[in-house]
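Colleague: The structure is given below, and queries will be raised subsequently.
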Amino acid sequence: MSFPRLITFALLTSSLLVGCASTATRLPNISERALRAESIVQENTALATQTDYSARLLRVGRQILHANAGLCPKTRRDIGVVIHTEENYPRELRIAARRELGATDTPSVFLVAPNSPAARAGIKSGDVFLIDGNPVGPDSLQEALEAPTVPLTIQRAAREMTLSVTPNTICRSRLRLRPSSAINAFANGRNITVTTGMMDFTESDDELALILGHELAHNTMGHIRKVVGNLILSGFATRYTRPFELESDYVGLYYMVRAGFNPDDVEAFWRRLADVDPRSVNRAKTHPTFPARYLRIAAAREEVLAKQAAGEPLVPNYKDDADE
Ligand SMILES: [Zn+2]
């Protein structure tokens, strides 16, 4: 009997027995009380871990978006807060999110980015933004921030207060965290999405900044629009994506250095990715190979560091018309 068939047989047998089974062994007893207590431990640690991921993404990502506003074709005004409601959490975790994170059905501040206008104004987790006396979520807050002067009213416990906050101008892309063990990040022109698998895999904020810089470059260089354009024109988009990946690696390295992150040895990311995904080292249909990316990032770093040493502006070398 082949192995897969054995598995099928075992599954079939176990599913037939559900409901009327008695096991052959006597299992140790656990109490309902211990089970409930352990559930709370696991809910709490899961939420604490997700909160850490979100805080790191906000801290590193906002620094990239802020430092590169001058190179981003589209910007927005931002004070550095993440607002949440209980709806932002999976249904099974909402009671825990209420208990542990103070999430309710009213939008309230979840995280405040360090060194942000919100942090300087003393905005705290749990504060509720009010417009015309009503609590507002992130979209209405964004609209309010685009107005020339920004007096913000917040409610903290039973008190209302008005704060004067001067927003920063940052790149328009929004940061998103996706719970997934896959090591991945995406850009869609508007958002930058990073998986929790990627958050774990990046060993330092510098490496995370490399990834975020890369994804921001896809958005600022209009790659999504160009790929879609190529798709419509040629019916075959993938062969056009390889140069865009290399361009994003190149421009993204500038973005991370401009934001104050350290590019020393940051290309080691690609060697470590080869360790966990050896089949992809030399086989890449749509993306450049890992060795090519490793070497090109190292080369780009030399270019950036030479400019830095010469006191030149840290701006990528754009093609002029003569290059085309
Ligand atoms: Zn990419």
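The values are calculated or read from the model by the stated rules, or taken from the named source; none is laboratory data. From a predicted model like this one, the values you see are computed outputs, not experimental measurements. Ideal geometry is used to build each Cβ from the backbone, glycine not excepted, and the neighbour counts take in all protein chains shown. The protein model used for the area step is the full one, side chains on, heavy atoms only, and it has no ligands, DNA or RNA in it. Shrake-Rupley method; radii C 1.70, N 1.55, O 1.52, S 1.80 Å.
Colleague: Consider Leu47 carefully, then state whether it is assigned to a helix (DSSP H, G or I), at negative phi and touching a Cys at 6+ places or on another chain (Cβ under 7 Å).
Modeller: no
Colleague: Give, as residue ranges, the strands (runs of 3 or more DSSP E) completely inside segment 168-232 that count at least 1 residues that are within 12 Å of the chain's Cα centre (by Cα).
Modeller: Correct list: 174-178, 185-187, 191-195.
Colleague: Continuing with the same structure: If you check Leu216 against the conditions, is it away from the ligand (no atom under 12 Å from the Cβ), at pLDDT 80 or above and within 19 Å of Val194 (Cα to Cα)?
Modeller: No: the conditions fail for Leu216.
Colleague: While we're here: What about Ser164, is it over 30 Å from Glu203 (Cα atoms), in contact (Cβ under 8 Å) with a residue 24 or more places away in the chain and polar (S, T, N, Q)?
Modeller: yes
Per-residue answers, yes or no, for (1) open to solvent by 20 Å² or more (accessible area, probe 1.4 Å); (2) among the polar types (S, T, N, Q):
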residue	(1), (2)
Ser164	yes, yes
Arg172	yes, no
Ala182	yes, no
Val194	no, no
Glu203	yes, no
Leu212	no, no
Arg225	yes, no
